[in-house]
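Before any comments, here is the structure.
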Amino acid sequence: MASAVELKGVTKRFGDVVAVDDVDLSIADGEFFALLGPSGCGKTTTLRMIAGLDLPSAGSLTIHGEEVGPLPPNKRPVNTVFQNYALFPHLSIEDNVAFGLKMQKVAKGEVGRRVAEAIELVQLGGMERRKPTQLSGGQQQRVALARALVNRPKVLLLDEPLAALDLKLRQGMQNELKALQREVGITFVFVTHDQEEALSMADRIGVMGDAKLLQVGRPEEIYEQPVSRFVADFIGRSNFLPGTVAAASTVTLANGASIPAPTADRAAGTVVDVSLRPERVRVEQRDAAPDDVARLDGVVRSATFLGNAMVYSLGFDWLELEARLENRPSQQRFSPGDEITVWWREDAIAVVDGGSG
Amino acid sequence: MIRGWTARLLGGATGLVYLFLYAPVLLLVVFSFSADRNVGRWGGFTLEWYREFGANENVQSALAISLQVAIVSTLVATVLGTLAALALERFRFRGKKVFDALLYLPIIIPDVTMAVMMLLFFTWSLDLVDTVTGFQLRKGIATVVVSHIAFNISFVSVVVRARLEGMDQTLEQAAADLYASRWQAFRHVTLPLILPGIVGGALLALTLSLDDVVITQFASGPGSTTLPVYVFGLIRRGVTPLINAVSVVMLAASVLLVVLSLIAQRSREPGRATTE
């Protein structure tokens with residue numbers, strides 16, 4: 001597959017601050033790619049560098065094989081949907097959408113046809129003559145999409161496209177965006193701090209933290225096999241059980257118990273954390289757990305009812321765990337003070353480098 | 001009933017303030033229609049003084065000079081002031097803060113100081129031209145125009161900057177992202193959005209130029225007497241009803257320009273409401 005966007009050793013410094021540190025990334029043509037990370041992690045700067053709104057301090061950036069590093073934004077075959085949409089307040093919807101084509105001096109007849117098409121695509125027919133301020137947030141978002149897509153960019157960049165919408169609208173737009181991307185077949189790169197949004201929409205996710213690209217993979221990979229404690233902690237929730245690698249595929253936990261775990265190629269003696277998702281924790285009454293699995297005895301500290309699930313805080317003499325049990329009729333419930341045993345399937349855990357972070 | 005008392009007291013004070021502010025204006029307007037040659041004595045209604053305003057050659061030539069000076073200085077100051085505002089608002093460069101402060105200085109410099117500065121500057125620079133090139137230049141309309149440009153640049157750039165500050169900068173980035181060159185982005189996005197500020201600034205500059213006496217007096221030479229300077233000269237020879245009429249016309253023009261300036265500046269805030 002040809003790369004739509006390729007970053008090699010891309011670094012961005014603002015004065016003494018390194019905003020993006022030596023990022024290598026290849027985004028395939030036609031892919032729906034999410035850059036995910038907490039605020040200030042460098043994801044927006046990375047997007048802005050692809051757009052040409054910021055220029056890299058070092059490294060190479062190609063779009064469909066063509067080096068674009070030093071090119072200004074108006075010379076790049078990409079378009080951006082800005083976080084606040086940045087619609088031109090003095091222009092009508094129609095003129096907003098036509099802006100890019102007019103700047104490229106596209107013939108008048110074709111401008112009209114393509115603008116009408118784009119407005120139809122985002123279902124804003126009838127709104128052509130309105131001004132942006134006369135539209136709702138969701139409609140403004142569609143105008144921003146149409147204004148970008150009408151240019152048939154090779155890559156569409158979206159900066160937190162749904163952040164300004166309320167929850168209901170956001171969920172609707174998630175589905176729409178995904179359907180739209182399939183329909184137009186353009187590579188979408190979007191930036192978000194919302195892990196659920198990234199997991200549900202993206203074909204692949206790049207997780208960024210502290211200016212670095214930490215992990216790239218399909219949503220399942222990122223969730224099931226996080227490469228670091230940071231990634232595990234940022235994507236969903238996770239418990240971390242401290243331990244050391246005893247031998248290949250065996251970890252000795254801090255309480256002395258040895259458990260089977262996917263240690264990959266870590267050497268014996270390496271300090272690690274075992275990542276265990278709350279919904280993967282199995283809770284049984286004391287001694288009701290199967291015999292042939294890793295298990296820990298503890299006490300229920302607190303129980304929280306969430307409607308669709310119960311969340312328990314479980315106490316052990318060396319750590320605390322969070323467990324999330326779906327609210328099914330067959331599911332046993334526990335109360336604070338109950339003595340319980342916790343266990344998990346061997347494939348429910350991931351091993352990440354231990355210590356801080 | 002303290003409430004009633006306070007309200008009455010405040011109402012009375014407010015009335016007094018307005019009386020204080022507008023009684024002179026009212027008197028001026030009323031007596032500009034008085035037929036009696038002695039100012040302050042009502043001699044029946046007449047339009048004689050306005051007729052004289054239209055007929056008096058000195059007044060008419062002063063008015064023509066005033067308009068020339070005001071229009072030229074406003075055009076130049078608007079272009080330069082807008083460019084200065086753009087530079088200070090959109091670019092980062094060494095010593096920006098200093099330039100920023102220096103640009104606003106003419107607004108707070110007392111008129112007399114500014115006038116003396118101008119006098120010195122013109123005397124010195126015209127002498128310099130004389131010694132270097134042999135051309136004997138004199139103060140005249142050109143020097144008045146230059147002095148008006150000098151103080152108007154500051155006012156225009158203050159007004160334009162206020163508008164630029166309120167403009168969302170991502171709009172310019174969006175334009176660039178949509179294939180606009182720098183010039184196209186300015187022409188199609190920035191300029192239309194700050195135009196109300198530019199128009200407001202220009203109208204303000206026009207007003208200030210038409211009203212200025214002190215600086216003009218120091219910068220002008222023979223044959224470059226503007227209307228306010230002419231009126232000021234007349235007053236020294238005693239107030240006549242003609243002066244009242246001229247003053248009323250100038251007052252009306254100023255009020256009209258300031259109102260237009262405010263309307264222009266108030267027109268829709270740029271790029272603010274888009275995210276709501």
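The values are calculated or read from the model by the stated rules, or taken from the named source; none is laboratory data. Quick caveat: nothing in here was measured; it's all calculated off a predicted structure. Quick reminder, even Gly has a Cβ in these numbers, built from the backbone with ideal geometry, and neighbours come from all protein chains shown. Side chains included, ligands, DNA and RNA excluded: accessible areas come from the protein's heavy atoms. Shrake-Rupley method; radii C 1.70, N 1.55, O 1.52, S 1.80 Å.
Remarks
- Of the residues making up the stretch A:234-273, those that are of a type in the set (D, E, K, R) and either more than 13 Å from A:Val351 (Cβ to Cβ) or open to solvent by less than 60 Å² (accessible area, probe 1.4 Å) (or both) are A:Arg237, A:Arg266, A:Asp273.
- Any hit, the stretch A:278-285, residues being surrounded by 14 or more Cβ atoms within 10 Å (Cβ to Cβ) and in a loop (DSSP other than H, G, I, E, B): yes
- Residues satisfying the stated conditions in the stretch A:97-123, i.e. touching a Leu at 6+ places or on another chain (Cβ under 8 Å) and closer than 23 Å to A:Ala179 by Cα: A:Arg114, A:Val115, A:Ala118, A:Leu121, A:Val122
- Subset of the stretch B:87-112 (residues that are closer than 15 Å to B:Thr216 by Cβ and either more than 26 Å from the chain's Cα centre (by Cα) or β-branched (Val, Ile, Thr) (or both)): B:Val112
- In the stretch B:177-210, the residue that is most open to solvent (accessible area, probe 1.4 Å) out of those that are within 16 Å of A:Pro89 (Cα to Cα) and at the interface with chain A (Cβ under 7 Å from one of its Cβ atoms) is B:Pro192.
- Qualifying residue in the stretch B:11-24 (condition: of a type in the set (A, V, I, L, M, F, W, C) and touching a residue at least 12 places away in the same chain (Cβ under 8 Å)): no
- Among residues of the stretch B:126-157, those that are at pLDDT below 90 and open to solvent by less than 40 Å² (accessible area, probe 1.4 Å), counted: 2
- Residues of the stretch A:299-327 satisfying the condition of being surrounded by 16 or more Cβ atoms within 10 Å (Cβ to Cβ) and charged (D, E, K, R): A:Glu322, A:Arg324
- Residue selected from the stretch A:45-66 under the condition aliphatic (A, V, I, L, M) and open to solvent by 30 Å² or more (accessible area, probe 1.4 Å), by the criterion nearest to B:Ala174 (Cα to Cα): A:Leu53
- Summed over the stretch B:158-171, the residues that are open to solvent by 40 Å² or more (accessible area, probe 1.4 Å) and within 14 Å of chain A (Cβ to nearest Cβ) give a count of 1.
- Boolean, A:Ala4 is aliphatic (A, V, I, L, M) and more than 21 Å from A:Asp210 (Cβ to Cβ): yes
- Condition met for A:Val351 (of a type in the set (A, V, I, L, M, F, W, C) and open to solvent by 20 Å² or more (accessible area, probe 1.4 Å)): no
- Flag for B:Ile141 being closer than 16 Å to B:Ser209 by Cα and assigned by TED's automatic domain parsing to the domain that holds B:Val214: yes
- Inter-residue pairs, beta-carbon under 9 Å, first of a type in the set (Asp, Glu) and in the stretch B:95-113, second at pLDDT 85 or above, 6+ apart: B:Asp100/B:Leu88; B:Asp111/B:Phe151; B:Asp111/B:Asp212; B:Asp111/B:Val213; B:Asp111/B:Val214; B:Asp111/B:Ile215
- Those strands (runs of 3 or more DSSP E) of the stretch A:136-233 in which 2 or more residues are open to solvent by less than 50 Å² (accessible area, probe 1.4 Å), more than 14 Å from chain B (Cβ to nearest Cβ) and polar (S, T, N, Q) occupy A:187-192.
- Any hit, the stretch B:192-211, residues being part of a helix (DSSP H, G or I) and without any contact (Cβ under 8 Å) to a residue 12 or more places away in the chain: yes
- A Cβ distance below 8 Å, combined with a sequence gap of six or more or placement on separate chains, defines the contacts here; from the stretch A:104-118, residues that are touching a residue at least 12 places away in the same chain (Cβ under 8 Å) reach residues that are among the acidic types (Asp, Glu) in the pairs A:Val115/A:Glu94.
- For the stretch A:130-176, taking the residues that are in contact (Cβ under 8 Å) with a residue 60 or more places away in the chain and basic (Lys, Arg), the one that is farthest from A:Lys75 (Cα to Cα) is identified as A:Arg147.
- In the stretch A:68-79, the residues that are facing chain B (nearest Cβ under 9 Å) and open to solvent by less than 10 Å² (accessible area, probe 1.4 Å): A:Arg76, A:Val78, A:Asn79
- For the stretch A:315-342, a residue qualifies if it is assigned to a strand (DSSP E or B), of a type outside the set (Lys, Arg) and either farther than 30 Å from A:Thr252 by Cβ or within 29 Å of the chain's Cα centre (by Cα) (or both), and the qualifying residues are A:Glu320, A:Leu321, A:Glu322, A:Ala323, A:Leu325, A:Glu326.
- Taking the stretch A:339-357 as the range and being of a type in the set (D, E, K, R) and closer than 21 Å to A:Val293 by Cα as the test, the residues that pass are A:Glu339, A:Arg345, A:Glu346, A:Asp347.
- Among the residues making up the stretch A:93-120, a single one is more than 14 Å from A:Val150 (Cβ to Cβ) and either within 13 Å of chain B (Cβ to nearest Cβ) or surrounded by 17 or more Cβ atoms within 10 Å (Cβ to Cβ) (or both): A:Lys105.
- Looking at A:Ala350, A:Ala309, A:Ala303, A:Ala294, just one residue is over 18 Å from A:Arg229 (Cβ atoms), at pLDDT 90 or above and touching a helix residue (DSSP H, G or I) at 6+ places or on another chain (Cβ under 9 Å), and that residue is A:Ala309.
- Scope the stretch A:16-67; condition within 15 Å of A:Val207 (Cβ to Cβ), β-branched (Val, Ile, Thr) and within 14 Å of chain B (Cβ to nearest Cβ); matching residues: A:Thr44
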